[in-house]
1. Considering only region 369-380, state which residues are touching an Asp or Glu at 6+ places or on another chain (Cβ under 6 Å) and part of a loop (DSSP other than H, G, I, E, B).
2. Cβ contacts < 6 Å: first residue at positive phi, restricted to region 440-462; second residue open to solvent by 10 Å² or more (accessible area, probe 1.4 Å) and not in a loop (DSSP other than H, G, I, E, B), any location; separation 6+ or different chain. Result?
3. Does residue 397 meet the test of being of a type in the set (S, T, N, Q) and within 20 Å of residue 463 (Cα to Cα)?
4. Which is closer than 29 Å to residue 204 by Cβ and not aromatic (Phe, Trp, Tyr), of 308, 302, 281?
5. Please note which helices (runs of 4 or more DSSP H) are completely contained in region 381-428 and include at least 3 residues that are among the aliphatic types (A, V, I, L, M).
6. Can you confirm whether residue 114 is under 21 Å from the mean Cα position of the chain (by Cα) and more than 17 Å from residue 208 (Cβ to Cβ)?
7. Can we say residue 150 is buried (at least 16 other Cβ atoms within 10 Å of the Cβ) and over 24 Å from residue 284 (Cβ atoms)?
8. So residue 184 clears everything in (1) in contact (Cβ under 8 Å) with a residue 40 or more places away in the chain; (2) of a type in the set (A, V, I, L, M, F, W, C); (3) over 26 Å from residue 289 (Cβ atoms); (4) not in a strand (DSSP E or B) except one condition, right? Which one?
Amino acid sequence: MDGTKEMGGLRNVSSVCSISEMDDFDLSRLLDKPKLNIERQRSFDERSLSELSIGLARGIDTFETTYSPGGRSGFNTPASSTRNSFEPHPMVADAWEALRKSLVYFRGQPVGTIAAYDHASEEVLNYDQVFVRDFVPSALAFLMNGEPDIVKHFLLKTLYLQGWEKRIDRFKLGEGAMPASFKVLHDPIRKTDSLVADFGESAIGRVAPVDSGFWWIILLRAYTKSTGDSSLAERPECQKGIKLILTLCLSEGFDTFPTLLCADGCSMIDRRMGIYGYPIEIQALFFMALRSASSMLKHDQEGKEFIERIVKRLHALSYHMRSYFWLDFQQLNDIYRYKTEEYSHTAVNKFNVIPDSIPDWVFDFMPIRGGYFIGNVSPARMDFRWFALGNCIAILSSLATHEQAMAIMDLIEARWEELVGEMPLKIAYPAIESHEWRIVTGCDPKNTRWSYHNGGSWPVLLWLLTAACIKTGRPQIARKAIDLAETRLLKDSWPEYYDGKLGRYVGKQARKYQTWSIAGYLVAKMMLEDPSHLGMISLEEDRQMKPVLRRSSSWTC
């Protein structure tokens, strides 16, 4: 598993040229170029890459009949077969070499990648562990490069850890909870390996991850789509693992909303940042995981019961998110004119949001054409901040309607300096500061303004942006973002995040050789080269969940 040293350890050369070198890049024109005479399996049934490139490939998720073969980022792709005279971008080989250095082995088998191997840092903390959410871009990179075994081992090992009894200060967690991370302990004397998992009992703030289980389901589907092999998902232990996660998040309680109630720090933003309640990242992942699970559950009696529960929740969740989390110019103007203290079933201001609570920045930030899913909605409180991961997942999962997906991309283009700047991509915008920062973060010195989770720029988000760009037929946006990243990432030794309004400075406490920064770049490059890889991580729009929504100005401009 050390890989060959040729081309930085690639089994299949993953990038034959820099996309930025292509003139007027148009994915549909690639099909008109001469191709190598190599028999290739088609994904998406008979759907063509040209359909995908112009944003018509919303029907790419027929789990039973289609898959997106791994190892297709080499010389046998339309893009690279016509451009094989170019040398790969130097960063690609370095990235693969760095990614392979991060591999973790358990009894001789690779089971994941560590978060970072920054040898210059004095404090290791938990960066030497395998994180579930951090491994996702690594897993996608290996799947795209035709190396699915690493992903399979990871899925099975984390499933094994799910079965552990989980206690934090004498309190038992839900049976379906997935670990935030795990570590492999090697005993050189006994020559044995053992696993140690963290379900939140060692985490800063002692918060259990809500997103780990969702990412696990999404990755299981990606593995199945990539390999065309559904046998892993059909294993009894995997079916049980899916159902345990579903049981945990579909449980009925006192909540009157279909969204999932969460604590601060339960997702990628794993410190206190005022995202408690119903954060957009968790709701989008929840939606995507539910849809992924429904495609993999067996249609036995128990499986059908879960699917029925999923369908009901998805209908309610999609309506709620598309109606109440969506913000564009027209909706902002409507909220600005809200009446309060409405008591009836016909209330317009259902959450009793006080218009004076709308922050000043959002009025200038909102373009006439464009929109996004806001960070949070709960009684008397709307968090108007932009969060990148939640909005990208909303596009990929088709939580966003076609019109909403286009509006999100319009917003990114219109507010490029604020959301992308000099290093893709702002995790959140804008940063909170001064007295509000003290209250919301608890004076967290790592989350000062325009740093880390508080408006910092995270290169790992590049793969999510690229996937969203391809799905919406705007690859030129991804190309521009990748070009920006290629000017700095390797030179700066693959940092975890960047600081400043434009993302110009390496983060004050950012780890170097952050694995998901490396993997995120590779996934973005391979996906842009061969857009068929999008099928691993994208879901078509469910025609049965048509939104009952008033069209706003951003949809019709």
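1. Within region 369-380, 369, 370 qualify.
2. From residues that are at positive phi, the pairs are 450/499; 452/446.
3. Against the criterion (of a type in the set (S, T, N, Q) and within 20 Å of residue 463 (Cα to Cα)), residue 397 qualifies.
4. 281
5. Those helices (runs of 4 or more DSSP H) span 388-396, 402-414.
6. yes
7. Yes.
8. Among (1) in contact (Cβ under 8 Å) with a residue 40 or more places away in the chain; (2) of a type in the set (A, V, I, L, M, F, W, C); (3) over 26 Å from residue 289 (Cβ atoms); (4) not in a strand (DSSP E or B), the lone unmet condition for residue 184 is (4).
The values are calculated or read from the model by the stated rules, or taken from the named source; none is laboratory data. This structure is a prediction, so every number in the text was calculated from the model and none was measured. All Cβ positions, glycine included, derive from the backbone under ideal geometry; neighbour counts span all protein chains shown. When the accessible area is computed, the model is the full protein with side chains, heavy atoms only, and any ligands, DNA or RNA have been set aside. Shrake-Rupley method; radii C 1.70, N 1.55, O 1.52, S 1.80 Å.
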